[in-house]
Amino acid sequence: MAEPARIDARGPRFAASLTAVLLLAATTLGLVGISTQRGAMTFPVSGGAVASHDMWALPAAPLLARVADPGFLLLLVCALLFVWGVAAPRTAPWGVVYRRVVQPRLAPPTEFEDPRPPRFAQGVGLLVTTVGLLLHLAGVAWALPIAAAMAFVAAFLNAVFGLCLGCQLYLLLQRVGVVGRRGPAAA
């Protein structure tokens, strides 16, 4: 079986840097948006009296308000970028910007890597952000900023320290034979 193509190891770190910025903004917007708001809700009780309870605003918010939340919209953009990174990594925006604008200004790469672990990491980012988006739509308070923060931490670690958590997960799953199986080596 042919060896998989190799990519400049700096490319995924560049993409992680831009993704981390977007995810930090999505986390911040999620923290100040409807996902974490509390409000007084009034309920009728016996004898015509009204009781007031402090509750999360998200479950009571209409679906349109949940979708229109700026944190939701920005995390949705991040999720769509993850989809693009998984489905067509050669045309994904951050990779194109790196190859056309950044890479020509750098010294030739000295370190290359298998593209499968970074692509898998994009899938992990997609999973985390999609769960946050779906739980937000379902009315689960705090799901959106927590999912955005988790994805941000992973992107930040990759961008700043070169520690790709999704790549490490890929390598672990490869060791146990779940992903990246190869045929017998050619003699």
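Before moving on, here are some points about what is shown:
- The lone exception for Arg90 - which of (1) of a type outside the set (Gly, Ala, Ser); (2) over 18 Å from Tyr170 (Cα atoms); (3) modelled with pLDDT of 95 or more; (4) surrounded by fewer than 22 Cβ atoms within 10 Å (Cβ to Cβ) it fails: (3)
- Odd one out for Val67 among (1) out of contact with any strand residue (DSSP E or B) (no Cβ under 7 Å at 6 or more places or on another chain); (2) farther than 25 Å from Arg10 by Cβ; (3) crowded, with 17+ Cβ neighbours inside 10 Å: (3)
- Among the residues of this structure, Pro104 counts as one that is surrounded by fewer than 20 Cβ atoms within 10 Å (Cβ to Cβ) and either at negative phi or assigned to a helix (DSSP H, G or I) (or both).
- If you go through the range 138-147 and keep only what is surrounded by 16 or more Cβ atoms within 10 Å (Cβ to Cβ) and over 21 Å from Leu18 (Cα atoms), you end up with Gly139, Val140, Ala141, Trp142, Ala143.
- Yes/no for Thr110 being among the β-branched types (Val, Ile, Thr) and at pLDDT below 95: yes
- Going through (1) of a type outside the set (Phe, Trp, Tyr); (2) at pLDDT below 95; (3) touching a helix residue (DSSP H, G or I) at 6+ places or on another chain (Cβ under 8 Å) one by one, Met150 falls short only on (2).
- Considering residues of the range 107-132 that are among the polar types (S, T, N, Q) and part of a helix (DSSP H, G or I) only, the residue surrounded by the fewest Cβ atoms within 10 Å (Cβ to Cβ): Thr130
- Val153 meets the conditions (1) part of a helix (DSSP H, G or I); (2) surrounded by 18 or more Cβ atoms within 10 Å (Cβ to Cβ) in every case but one. The failed one is (2).
- Odd one out for Trp142 among (1) touching a strand residue (DSSP E or B) at 6+ places or on another chain (Cβ under 9 Å); (2) on the phi < 0 side of the Ramachandran plot: (2)
- When the criteria are applied in full, Leu74 fails the requirement of being loosely packed, with under 14 Cβ neighbours inside 10 Å, modelled with pLDDT of 95 or more and assigned to a helix (DSSP H, G or I).
- Considered as a group, the residues in the range 163-187 that are assigned to a loop (DSSP other than H, G, I, E, B) and modelled with pLDDT of 95 or more include one that is farthest from the chain's Cα centre (by Cα), and that residue is Leu163.
The values are calculated or read from the model by the stated rules, or taken from the named source; none is laboratory data. Computed from a prediction, not measured in an experiment: that's the story for all the values here. Reconstructed Cβ throughout: ideal geometry from the backbone, glycine too, with neighbour counts over all protein chains shown.
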